[in-house]
Amino acid sequence: MNDLARYRLLTGASIPPAAKLLYSYLLDRAGGRNGAVLLSSTRLASEVGLSTSAVRRNLHRLQQNGLIRLTPRYSEEGIRLTNQITFV
């Protein structure tokens, strides 16, 4: 997705600037809207420069606004892994 298309998409979204920053970063990490991201909220927080709670809060805002889907993942032993973040 080029910068102009991303700007148009995010201009219409009624989400806070931190959520827009996070969405843009996730798009870059995924290589576009067809990719997926497997990063913990702690790692996202350190890479984006937000607190862990701000990352979690804004991920849920992005999901509520229909921009991403958070899919929980588990190992074969039932241990919780990082969420898979995909673009809707």
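The values are calculated or read from the model by the stated rules, or taken from the named source; none is laboratory data. All of these numbers come straight from a predicted model, not from anything done at the bench. Neighbour counts are summed over all protein chains in view; Cβ atoms, including those assigned to glycine, are modelled from backbone coordinates with ideal geometry.
Pairing residues of segment 8-28 that are on the phi > 0 side of the Ramachandran plot with residues that are of a type outside the set (Ser, Thr, Tyr) and part of a helix (DSSP H, G or I), at Cβ distances under 9 Å and at least 6 apart in sequence or on separate chains, gives no pairs at all.
Evaluate segment 60-69: report whether one residue or more is closer than 14 Å to LEU22 by Cα, modelled with pLDDT of 95 or more and surrounded by fewer than 14 Cβ atoms within 10 Å (Cβ to Cβ). Yes - at least one qualifying residue is present in segment 60-69.
If the condition is being of a type in the set (D, E, K, R) and under 24 Å from ARG8 (Cβ atoms), then segment 31-48 contributes only ARG33. Condition check for ALA30 on (1) in contact with a strand residue (DSSP E or B) (Cβ under 9 Å, 6 or more places away or on another chain); (2) of a type outside the set (S, T, N, Q); (3) surrounded by fewer than 11 Cβ atoms within 10 Å (Cβ to Cβ): one failure, at (3). Taken over segment 49-88, the residue count meeting the criterion of being within 19 Å of THR11 (Cα to Cα) and aliphatic (A, V, I, L, M) is 5. Does segment 23-41 hold any residues that are in a helix (DSSP H, G or I) and either basic (Lys, Arg) or modelled with pLDDT of 95 or more (or both), and which are they? Residue satisfying the conditions is ARG29 alone. Within the set GLU47, GLU76, the sole residue that is modelled with pLDDT of 90 or more, acidic (Asp, Glu) and under 13 Å from the mean Cα position of the chain (by Cα) turns out to be GLU47. Within segment 13-22, the residues that satisfy the criterion of being touching a helix residue (DSSP H, G or I) at 6+ places or on another chain (Cβ under 9 Å) and either within 18 Å of THR52 (Cβ to Cβ) or in a loop (DSSP other than H, G, I, E, B) (or both) are ALA13, ILE15, PRO16, ALA18, ALA19, LEU21, LEU22.
The listed residues are LEU9, LEU27, and the only one of them that is hydrophobic (A, V, I, L, M, F, W, C) and either under 15 Å from GLN84 (Cα atoms) or touching a Pro at 6+ places or on another chain (Cβ under 7 Å) (or both) turns out to be LEU27.
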